[in-house]
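As structure tokens, the structure follows; a few thoughts come after it.
Read-outs: derived from the displayed coordinates by stated rules, not from any lab. The structure displayed is predicted, hence computed values, not measured ones. Reconstructed Cβ throughout: ideal geometry from the backbone, glycine too, with neighbour counts over all protein chains shown.
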Amino acid sequence: MRILIVEDEENIARDIARAVRRLGYVPDIAHDGEQAHFMGFTEDYDAVVLDLGLPVMDGLAVLRNWRAEQRHFPVLVLTARDTWQDKVEGIDAGADDYLAKPFEMPELLARLRAIIRRHKGLSSAVLTFGPLSIDTRHAQAMLDGMIVQLTPLEFRLLNYLAHKRGEPAPRTELLEHIYGSDAERDMNALDALITRLRRKVGSNILRNRRGHGYFLAGAQQDGHDSSS
Ligand code: CA
């Protein structure tokens, strides 16, 4: 899953990028409002972390533009001030959630996971497909109660498919959301990755529907666990 991080303070942007990468997301960073607006308009992000105080174009203007352009990805807004006026403005502009600076990284990650889940219509932080469960809080998968040893890239792929809730994803979509804007996007590498992952989680779970793409079989209807 691709996350756009919009933050002009480079240390903070880097820290967030590092933290989301550990959770199996693919981060891009924009340092000013104009660059952010362009990236959000041209790339297909699964969620955005948006600081409001930005050079060139402020965060609220960026958000209003995206929404006016029918860009519907979930947005977590970061504000320097925790005032109700800021929240009202942000919510009216189309923010999905709010976090005041300074923040604790685990809270940012929990809020990010939550807006992604809501956007995809999921309520649980653990996604289950038959004997396979994917814990989005710890970037970990279990098969029949045993931890599956996955590389970061394998987890990325699994996590993306899990959030599709059984809907198939074509290879081009996987390529974009697993590798992001990396120069090393390569269909052969993706195919090899899929083969390795199928071996680990079972080809009866990670399946292919001809002409539609890959999906995880046995999606559980939303569980009752609403923890983040
Ligand atoms: Ca700022």
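What to note about this one:
- Helix 152-163 and the longest principal axis of the C-alpha atoms of the chain enclose an angle of approximately 80°.
- The helix-based estimate of mean residue ellipticity at 222 nm for the chain, built from -39,500 (n - 2.57) per DSSP H run of four or more residues and divided by its residue count, is -13000 deg cm²/dmol to the nearest 500.
- Subtracting the Cα-Cα distance of Glu9 and Asp92 from their residue separation scaled by 0.36 nm leaves 27.4 nm.
- Using a simple spin-label model with pseudo-atoms 7 Å out from Cα toward Cβ, Glu167 and His212 lie 1.2 nm apart.
- Per residue, the average separation of C-alpha pairs within less than 8 Å and at least 6 apart gives the chain a relative contact order of 18 percent.
- Take every DSSP beta bridge whose two residues both sit in the chain; close to 50 percent of them are antiparallel.
- Folded to 0 to 90 degrees: helix 10-22 orientation relative to the chain principal axis, Cα: 20
- Within the listed set Gln35, Gln149, Gln70, the residue fluctuating most in the Gaussian network model of the chain (springs between alpha-carbon atoms under 10 angstrom) is Gln70.
- His72-Ser203 FRET efficiency (beta carbon distance; Förster radius 30 Å; 0.05 resolution): 0.35
- A simple spin-label model places the labels of Ala80 and Ile147 4.2 nm from each other, with each point 7 Å out along Cα-to-Cβ.
- Part-to-part distance (alpha-carbon centres) for segment 169-210 and segment 95-112, which is given in Å: 30
- Asp58/Ser123 FRET efficiency (R0 30 Å; Cβ-Cβ; nearest 0.05): 0.35
- Here is the list for segment 1-107: GluC sites (Glu not before Pro) lying in DSSP coil, each with at most 11 other C-beta atoms within 10 angstrom of its C-beta, are Glu69, Glu104.
- Note on Asn188 and Gln140: their simple-model spin labels are 3.7 nm apart, each label 7 Å out from Cα toward Cβ.
- For segment 29-45, 3J(HN,Hα) per residue [Karplus equation, 6.51 cos²θ - 1.76 cosθ + 1.60, θ = phi - 60°, Hz, x = Gly/Pro]: 10, 10, 9, 9, x, 5, 4, 4, 4, 4, 5, x, 7, 9, 10, 9, 8
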